[in-house]
Every structure is written in structure tokens, then in C-alpha cells.
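Student: Below is a structure I'd like to ask you about.
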Amino acid sequence: MPTFYDTHSHLDDPRFNDDIAAVVARAGEAGISKIICVGTDVASSRRAIQLADAFPNLYAAVGWHPTHVLEAPDDVRPALRTLAQHPKVVAIGETGLDHFHAPGTRSGGTDVGWDEYKSRQARLFQQQLELAAECGLNVVVHHRSSLDDCLKLMAPWTGRVRGQFHCFEDDADAVQRVLAIGSLVSFTGMLTFKNKPIMRDALAATPLGQFMLETDCPYLVPEPNRGKIKRCESAFVRDTARVAAQVKGCNVEGLSEAT
């Protein structure tokens with residue numbers, strides 16, 4: 001069976017609390033041999049590490065998500081630095097910028113304006129880029145409605161820190177800009193959506209070996225289960241992989257080797 005990785009999951013989400021072992025087992029049965037559980041703040045990152053300790057094929061990324069910036073301390077590096085020493089931590093993140101969700105959308109309201117919100121996110125991202133370089137790790141980059149600014153902040157780190165531009169849904173030109181700074185793009189189940197031809201065009205323009213596959217579970221259930229199942233899980237990488245292989249004009253065995 002061709003094997004794949006789920007390079008971005010949120011298995012620490014409460015929706016997996018009751019059956020996490022079964023979810024991991026189903027992923028293995030589907031050929032998903034490794035899974036990265038990605039933190040969104042210190043508490044979430046700790047849970048990701050706990051899961052990595054509990055399951056041999058799980059790994060963790062530790063970071064602070066940009067939409068949670070209003071709850072972040074002035075400096076997230078000390079806490080994340082400690083977590084990053086764990087042997088199963090493979091990246092810093094989820095970090096980056098989010099210029100789509102209004103300030104306070106994820107935290108019950110705020111008086112902070114857009115300019116201050118963006119400034120705080122940039123500072124948070126910069127801290128995690130510095131930490132990644134210090135620890136010899138790469139970063140998981142959230143870039144919703146903010147690709148230009150993410151690329152600007154990452155450019156000085158070219159050659160020292162690579163990024164996984166996760167949940168990629170920009171165009172083929174954007175792919176080339178990401179690859180130009182030594183980073184990779186990563187595709188979710190949205191690749192299978194009929195209303196997302198731009199993503200398939202972007203994948204078509206991405207060389208084999210320079211993209212990843214992920215679920216972002218419990219979000220973004222791919223076809224053919226979209227609308228039928230509410231919770232995505234790591235096993236569904238196989239559905240995204242089938243479409244990715246069609247777009248790239250290769251078989252799933254070749255795609256497995258490339259990714």
C-alpha cells in the first residue's frame with residue numbers, strides 16, 4: 001500500500017478525545033504512516049507532545065497561532081523553547097499571520113484595532129522565526145489573506161528557516177514565490193473541492209518533491225465525504241492524495257515517493 005504523511009493535524013482538538021486511538025489506527029490502516037499534531041498555543045502544544053509520546057507514529061509542532069495573539073504573553077519564546085527540546089517536536093508552529101479574521105473573532109471581542117492586531121501578529125511570528133532558527137527547526141506557516149506579508153517577514157530567514165505554507169489555496173504564481181525562499185506548499189482536502197480549481201492549477205505548477213499533503217483535521221473533510229461527515233481525520237489524506245496524483249499525472253505510488 002502506498003504510504004503518506006498527514007503533515008498538519010489538530011488531533012489535540014476535543015472532538016478527538018473519545019476515540020483518538022481509533023482515529024490513529026484508521027490512519028494507519030489507510031496508509032498514513034506518520035502524523036504531525038500542530039499546536040496553537042502553549043497548552044495545545046503540550047497536548048500535541050503528549051499525543052506524540054502516546055503514539056509512535058505521531059510527532060508534534062509547538063507554536064502560537066496568529067488568531068490567538070491577544071492571549072499571548074509579550075514573549076512566547078521561553079515557553080516554546082522548553083517544549084521544542086522534546087525529541088518528537090519537529091517544527092515550530094502553527095505561526096504566521098491572519099488578516100482574514102477580525103481582531104477578537106476567536107476570543108470574544110476586543111478594542112484592539114486592525115493596525116495594532118497586525119503589528120502584534122507580526123511580532124509573534126518574528127519571535128517564532130527566531131526560535132526556529134535557534135532550535136534548528138522549520139516553521140508551520142498560517143498565511144490566510146496575508147501571503148505577501150508572510151513572505152516579507154520570512155525572506156530574511158532564507159537559508160536558515162524553511163516554511164510549510166500550510167492549507168495553501170493561492171495561485172500558481174504564489175507557489176513560485178514560496179519556493180523562491182526555500183519553503184514548501186501544503187495542500188488540504190480543499191484540493192478535492194469542485195469549486196477550488198485554482199488549487200489544482202497551483203498544484204499542477206508545483207514540482208514533485210516540493211509540496212506536502214495534510215488534513216488540518218478536524219476541519220476540511222475532502223471529497224467524497226464532504227458534507228457527509230462533520231469531522232475530518234488523518235485517514236482522509238488518502239482521498240486528497242488520489243486527486244493530487246491525478247493532477248500531477250502520476251500514480252499514487254509515485255506521489256507517495258515524492259511526498
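Every number here is computed from the coordinates shown, using simple stated rules; none is lab data. A quick note: this is a predicted structure, and the numbers were derived from the prediction, not measured. Methodologically, a virtual Cβ is constructed for each residue, glycine included, from the backbone with ideal geometry; neighbour enumeration extends over all protein chains shown.
Student: Size of the stretch 145-259 along its principal axes in angstrom, Cα-based, largest extent first?
Tutor: 43, 28, 23
Student: What are the extents of the Cα atoms of the chain along their three principal axes, in Å, largest first?
Tutor: 47, 41, 35
Student: Here's another thing I want to ask about it. Binning at 10 angstrom from zero up to the longest distance, how are the C-alpha pair distances of the stretch 194-259 distributed in percent?
Tutor: Result returned by the calculation: 20, 53, 26, 1.
Student: Looking at the chain, which Cys residues are left with no other cysteine's beta carbon under 4.7 Å from theirs?
Tutor: 37, 135, 150, 167, 250
Student: With n ≥ 4 as the cut-off for DSSP H runs, can you work out [θ] at 222 nm for the chain, using -39500 (n - 2.57) per run divided by the number of residues, rounded to the nearest 500?
Tutor: Taking each H run of at least 4 residues, the total per residue is -11500 deg cm²/dmol.
Student: Under the 0.36 nm per residue contour assumption, what length would be gained going from the current alpha-carbon distance of residue 172 and residue 1 to full extension?
Tutor: Working: separation 171, 0.36 × 171 = 61.56 nm, distance 3.06 nm.
Stretched out fully, the residue 172 to residue 1 stretch lengthens by 58.5 nm.
Student: Please report, to two decimal places, log10 I(q)/I(0) for the stretch 1-50 at q = 0.14, 0.21, 0.22, 0.30 Å⁻¹ as given by the Debye formula with identical point scatterers on the Cα atoms and no solvent.
Tutor: At q = 0.14, 0.21, 0.22, 0.30 Å⁻¹ the computed log10 ratios are -0.36, -0.74, -0.80, -1.17.
Student: At a Cα cut-off below 30 Å, give the lysines reachable from residue 248, other chains included and same-chain residues fewer than 8 away excluded.
Tutor: In chain and number order, the partners are 34, 152, 194, 196, 228, 230.
Student: Given 10 °C and 1.306 mPa s, compute D for the stretch 89-217 with the Stokes-Einstein relation, Rh being the Kirkwood radius over Cα pairs; round to the nearest whole µm²/s. Intermediate values should be presented prior to the final figure.
Tutor: Working: Rh = 15.3 Å.
Reported coefficient: 104 µm²/s.
Student: Let me check I've understood the local charge: for residue 183, count other residues with C-beta under 14 angstrom from its C-beta, Lys and Arg +1, Asp and Glu -1. What total comes out? Don't jump to the answer; show the numbers that get you there.
Tutor: Numbers: positive: 152, 160, 162, 177; negative: 170.
Result for the neighbourhood of residue 183: +3.
Student: Measuring from a point 7 Å past the Cα of residue 116 along Cα-to-C-beta, which residues in the stretch 61-77 have an amide N at less than 18 Å?
Tutor: Hits in the stretch 61-77 for residue 116 at 18 Å: 67-75.
Student: May I pose another question? At a Förster distance of 22 Å, what's the computed FRET efficiency of residue 160 paired with residue 82, Cβ-Cβ distance as r, to 0.05? It would help to have the intermediate numbers written out before the result.
Tutor: Values: r = 21 Å, r/R0 = 0.98.
The pair residue 160/residue 82 has a calculated efficiency of 0.55.
Student: Please compute the Kirkwood hydrodynamic radius over the stretch 1-120, one decimal place, Å, based on all pairs of different Cα atoms.
Tutor: On the way: mean 1/r = 0.0651 Å⁻¹.
It works out to 15.4 Å.
Student: OK, next. For the pair residue 148 and residue 246, how long in nm is the line joining their label points, each one 7 Å along Cα→Cβ?
Tutor: Taking the simple label geometry, residue 148 and residue 246 are separated by 3.5 nm.
Student: In terms of Cα to Cα distance under 19 Å, which aspartates and glutamates are near enough to residue 118, apart from those fewer than 8 places away along the same chain?
Tutor: Cross-link targets: 41, 71, 74, 75, 94, 98, 130, 148, 149.
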